[in-house]
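The values are calculated or read from the model by the stated rules, or taken from the named source; none is laboratory data. Here the structure is a predicted model, which is why all the values come from computation and not from measurement. Every residue, glycine among them, receives a Cβ derived from its backbone with ideal geometry; neighbour counts consider all protein chains shown.
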Amino acid sequence: MANGRSSKLIQSNVYISHGPPLTPGASRIQTSDSNDRPLPLQRLRFGRYRRLPLALARARRRRRAAMETLMVDRVHSSLRLFMHRNAVFLCERLCAQFPSETNVQLLATCYLHNNQPYAAYHILKGKKLPESRYLFAMSCFRMNLLREAEDTLCPVNETNETNIEVPSGATGHYLLGVIYRCTGRMSAAAEQFTQALTLDPLLWAAYEELCILGVAEDADGCFSEATALRLQQEHTSTSTLEKSNFANENRILSSSLPSSLGDIIPKQMKQLHANNTAEVPGYPHVRATALHVQNSTTSNVAQFDTPSPIATQTSSIVPPPLFRNVHAFQNTISGDVPAKQKANGANQPLRRKHLDEAKLKKVSGRLFNQSSDSLPRRSARLSRDATINSNSNISQFGGNGPDHSSGSRYEVIDEMWTDNMPATSSSVSTTDGRFFEQDKTERIMSQDSKVAVGIRELLGLLRTLGEGFRLSCLFKCQEALEVYRKLPEPQFNTGWVLCQVGKAYFELVDYLEADHYFELAHRLSPCTLDGMDIYSTVLYHLNAEMRLSYLAQELISIDRLSPQAWCAVGNCFALRKDHETALKNFQRAVQLDSRFAYAHTLCGHEYSALEDYENSIKFYRCALQVDERHYNAWYGLGVVYLRQEKFEFAEHHFRRAFQINPRSSVLMCYLGMALHSLKRNEEALEMMEKAIAADKKNPLPKYQKALILLGLQKYSEALEELERLKEIAPHESSMYALMGKIYKQLNILDKAVFCFGIALDLKPPAADLAIIKSAMEKVHLPDELMEDDL
C-alpha cells in the first residue's frame with residue numbers, strides 16, 4: 001500500500017500508513033512514531049527524515065554542475081581549435097540549460113569569433129557586468145555603432161560625469177581610445193591609450209596607436225627599468241598568490257587524508273609510492289610518499305609538529321623521523337592492518353586536526369614515554385652530533401625483521417591517525433623543514449631571477465622596436481633605420497621589421513633600397529599583407545610593370561578581400577595609364593575597408609589624373625577623416641589647389657603636410673612652389689635650399705630653384721644650378737628648355753637654339769613639345785613676344 005500510494009494522496013495532508021520504527025540498517029523511511037501512530041507529511045519533510053530528499057537534490061545539483069563544467073570545457077576547446085560553429089552550437093545549448101550571465105558572455109564570445117557581432121549585440125544588450133559591457137562594446141564597434149559602444153564603455157550620469165569605470169582594464173581603455181580616434185577626438189584617444197599602457201606596459205597595440213598619433217613618449221621611458229621592476233613585482237605577487245592557493249589545497253588534502261584512506265585502492269597507492277621515491281633519511285624502506293606536499297610551504301611542515309618533550313626525555317633519545325606512520329599507512333593499504341586498527345577505522349569517526357593543548361600533550365606523552373629500544377634513531381644526515389645505532393631500530397620500526405611490539409606500535413599509530421594525525425617530532429620537522437625551506441628558497445630565488453632576466457630582455461626588445469617605430473611615425477627615417485639595425489638577427493629578419501625598414505627607405509625616396517627590403521619581407525613571410533600596398537607603390541615608381549603585375553596577382557590569390565591586394569592591382573593599371581580601371585580597383589579597396597586611408601588617397605590621385613578635381617578633393621578629405629596625420633592626403637589637396645591656381649589654399653595644405661613630415665624633400669619643394677606662386681620668392685628660395693639639402697639626389701628642387709632665380713633675374717646663378725642638375729638628371733627635357741630660355745635672356749642665341757634642340761631630341765611630353773618648338777622658332781624675336789610661351 002505504501003509503495004503503491006498515488007501522488008495525489010501524498011500531496012494531501014493525510015497520514016501515511018503504519019510501519020515499524022526505523023532501525024539502523026533499515027531500508028525504508030520511518031512512517032510512524034514510537035506509539036505506532038502514523039507520522040504526518042509535515043514531519044517527513046524536516047529533521048532526519050529530510051536527509052534522503054536533500055541527498056537526492058545534492059546529487060542532482062552535482063550532476064548539473066558536472067554537465068555545465070563539461071559543456072564549458074568543450075566550448076573553450078572548440079574555440080581553441082577554431083571550431084567556431086561547434087562552439088556556438090554547444091554554447092547555445094549551455095545557455096538554454098544554464099542561463100547565467102557568465103554563460104551568456106561565453107556565447108557572445110563565440111558569436112564574435114564566428115563573425116556574428118549582431119548576435120552578440122542582441123544577447124548582451126542591457127547587461128551590466130563589466131565583461132558583458134566590454135563584449136557588447138566590441139560588438140557595437142564591429143557593427144560601426146561607435147556612439148553606442150562609447151556609451152557602454154564610458155557611461156555618464158545626468159551631470160555628464162563618468163560614474164562607472166571602464167571594463168576590462170587596459171583592453172577596455174584601448175578600445176575606447178580606438179573609438180575616440182575613429183570619431184576624430186585625438187587628444188581623448190591619446191589619453192585612453194596612455195591609460196591602457198599604464199595599466200599594461202606590454203600592450204604593444206596601445207603604444208603603436210600613440211606612435212601613429214605622433215604623441216608617444218620615448219620608448220626608453222615607456223619600457224624602462226622602473227617598468228621592469230613593476231612587472232617583476234606583479235609577477236611575484238601573482239606567483240605568491242598561486243603558491244598560497246596551492247598550499248591551502250595541500251593543507252586541505254593533508255587534513256582530509258586520514259578520512260579518505262579507505263577510498264584509496266591499492267593500485268592508486270602503488271602508483272603514488274612509485275611517483276615519490278624519496279627515502280626517509282635513515283630508513284631506506286620508508287618512502288616519503290607525501291614529501292613534496294608536506295614541504296611545499298613552512299606551514300605544511302608545521303602541521304606535522306608535536307610539542308617538544310622535556311629535556312630528560314630527549315637527552316639520549318632522538319625522536320622518530322617526520323613520516324614514521326608511513327609504514328602503517330602502507331600496511332593499511334596492503335591489508336596487513338591489525339584488528340584493532342580496522343575496528344577503530346570502522347567504528348570511530350576521525351577527529352578534527354586542531355586539538356587543544358591537553359590532547360596534544362597526551363599524544364606526545366604516549367609517543368615519547370616508550371623505551372629507547374622501541375624508538376628509531378636519527379639518521380647520520382639528520383644527527384651529526386648524536387651517537388648513531390640505528391640497525392636494531394630500523395628493523396623494529398620498518399618491520400623487515402622480527403617485530404615483538406607491533407601491537408603497541410599499531411595502537412600508538414592508530415591513535416595518531418584518529419586523534420592527532422599531524423603530530424610528529426618537532427626537532428626532526430624543524431631540521432627537515434629548515435633544509436627543505438632553504439632548498440625551496442633557493443629555487444624561488446632562482447625562478448625569480450630567471451623571471452627578472454626574462455622581463456628585462458622582453459622590455460629591451462620592445463624598447464628597440466618601439467623606438468624604431470616611433471621614429472618612423474615621426475618620419476625620422478634615418479634615425480629609425482639606425483635603431484632597427486640594433487636588433488638581433490632573428491628579430492631583424494622578420495616580415496614586420498623588414499617592412500618597417502622598407503617603409504623608411506620609401507619615405508627617404510630611396511626606392512631601390514625599399515624594393516630590396518620589401519622583397520625580402522615578402523619572401524620570408526609571403527602571406528603577410530601589411531605593407532604590400534606601399535611595396536606596390538615602390539614598384540610603380542620604379543616602373544617595374546612585370547613585377548608589379550606578378551605581385552598583384554599573388555596578393556589576390558592570397559586574400560581577395562584585403563585592401564592591400566586591390567591597391568596593388570590599381571597601381572598596376574595606373575602604371576599603364578589606365579586611370580579609370582585603376583580607380584575602380586582603388587574604390588574596391590575602399591569598399592573592403594573604409595578605414596584604410598591610403599586607398600582613399602590613391603582614389604584621389606586617380607581623380608586628379610583624370611582632372612576630376614571635385615571628386616579628388618572629396619577622397620582626400622575622406623582619407624584625412626580616417627587619419628589626420630596622413631600627409632599624402634594633405635599633399636594631394638595642395639597639388640589640386642595649385643593646379644586650380646588657388647595658391648593660398650595650396651600653401652596651407654602643403655604646410656600642413658610639411659608639419660607632419662618635416663624631412664620630406666618633395667613637400668619642401670612643393671611648398672616652395674606655392675610660395676613662389678604667391679610672389680614670396682625669398683621664402684620660396686629658402687625652402688628650395690632646405691629641400692636640396694634634405695635630398696641631394698632629388699632633381700625637382702634644383703629645377704624649381706633655377707625657376708625662382710630666373711624670376712629674380714639671377715641668370716648666372718640659375719645656369720649654375722641647372723649645370724648641377726644636369727649631373728643628376730642628364731636626360732630631362734624641361735631642364736634643357738629652361739637653359740635655352742636663360743641663354744635667350746642673355747642673348748646667347750646659338751646656345752639657346754642648341755639647348756632647345758636637345759630638349760626636342762629627348763622626346764618631351766606632348767604638352768611641352770609644342771611649347772619648345774614655338775620657343776625655338778621665336779629665338780630671334782624680341783623677348784616680349786615669347787614671354788608667354790615658355
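Counting the residues of region 508-547 that are among the charged types (D, E, K, R), at pLDDT 95 or above and under 19 Å from L481 (Cα atoms) gives 3. Looking only at residues of region 682-716 that are in contact with a Cys (Cβ under 6 Å, 6 or more places away or on another chain) and among the hydrophobic types (A, V, I, L, M, F, W, C), we find that the one that is farthest from A752 (Cα to Cα) is A691. Within region 98-154, the set of residues being more than 27 Å from E68 (Cα to Cα) and assigned to a loop (DSSP other than H, G, I, E, B) comprises M143, N144, L145, C154. Does G672 qualify as being at pLDDT 90 or above and farther than 21 Å from A657 by Cα? No; evaluated as a whole, the condition is false for this residue. Does L760 count as surrounded by 16 or more Cβ atoms within 10 Å (Cβ to Cβ) and closer than 25 Å to V666 by Cβ? Judged against the criteria, L760 is not a match.
Of the residues making up region 481-503, not a single one is touching a Leu at 6+ places or on another chain (Cβ under 6 Å), surrounded by fewer than 18 Cβ atoms within 10 Å (Cβ to Cβ) and either at pLDDT 95 or above or of a type in the set (G, A, S) (or both). With respect to the conditions (1) over 14 Å from L539 (Cβ atoms); (2) surrounded by fewer than 24 Cβ atoms within 10 Å (Cβ to Cβ), F573 lacks only one, and its number is (1).
Screening K778 on (1) among the charged types (D, E, K, R); (2) modelled with pLDDT of 90 or more; (3) surrounded by 15 or more Cβ atoms within 10 Å (Cβ to Cβ) shows it passes everything except condition (2).
The single residue among A706, A767, A693 that is touching a helix residue (DSSP H, G or I) at 6+ places or on another chain (Cβ under 7 Å), in a helix (DSSP H, G or I) and small (G, A, S) turns out to be A706. Would you confirm whether or not region 482-497 contains a residue that is of a type in the set (D, E, K, R) and in contact with a Cys (Cβ under 9 Å, 6 or more places away or on another chain)? Scanning region 482-497 turns up no residue that is of a type in the set (D, E, K, R) and in contact with a Cys (Cβ under 9 Å, 6 or more places away or on another chain). Of the numbered conditions (1) within 44 Å of the chain's Cα centre (by Cα); (2) more than 27 Å from K763 (Cα to Cα); (3) part of a loop (DSSP other than H, G, I, E, B), K679 fails exactly one; give the number of that condition. With (1) within 44 Å of the chain's Cα centre (by Cα); (2) more than 27 Å from K763 (Cα to Cα); (3) part of a loop (DSSP other than H, G, I, E, B) applied to K679, the lone miss is (1).
As a summary of the residue check, K702 satisfies the conditions (1) surrounded by fewer than 20 Cβ atoms within 10 Å (Cβ to Cβ); (2) closer than 26 Å to H653 by Cβ; (3) among the basic types (K, R); (4) in contact (Cβ under 8 Å) with a residue 12 or more places away in the chain except for the one numbered (1). Filtered by the rule that a residue be surrounded by fewer than 18 Cβ atoms within 10 Å (Cβ to Cβ) and in a loop (DSSP other than H, G, I, E, B), region 576-627 gives R576, K577, D578, D593, S594, R595, L610, E611, D612. Among the residues of region 461-480, those that are part of a helix (DSSP H, G or I), of a type in the set (D, E, K, R) and surrounded by fewer than 22 Cβ atoms within 10 Å (Cβ to Cβ) comprise R463, E479. Looking at region 214-234, which of its residues are small (G, A, S), within 24 Å of K450 (Cβ to Cβ) and surrounded by 12 or more Cβ atoms within 10 Å (Cβ to Cβ)? Residues satisfying the conditions are S224, A228. When residues in region 554-575 are screened for being part of a helix (DSSP H, G or I) and acidic (D, E), 1 of them pass. Look at region 99-126: where a residue is touching a residue at least 12 places away in the same chain (Cβ under 8 Å) and a partner is of a type in the set (K, R), sitting 6+ places away or on another chain with Cβ atoms under 7 Å, you get E101/K127; N114/R85; P117/R142.
So if I check each of E689, E721, which one is free of Cβ contacts under 8 Å to residues at least 24 places away in the same chain, closer than 24 Å to H652 by Cα and surrounded by 13 or more Cβ atoms within 10 Å (Cβ to Cβ)? It would help to see each step written out before you state the result.
Numbers: E721 fails: closer than 24 Å to H652 by Cα.
Result of the check over E689, E721: E689.
For the condition among the small types (G, A, S) and at pLDDT below 60, what is the one hit in S237, S260, S224, S187?
S260
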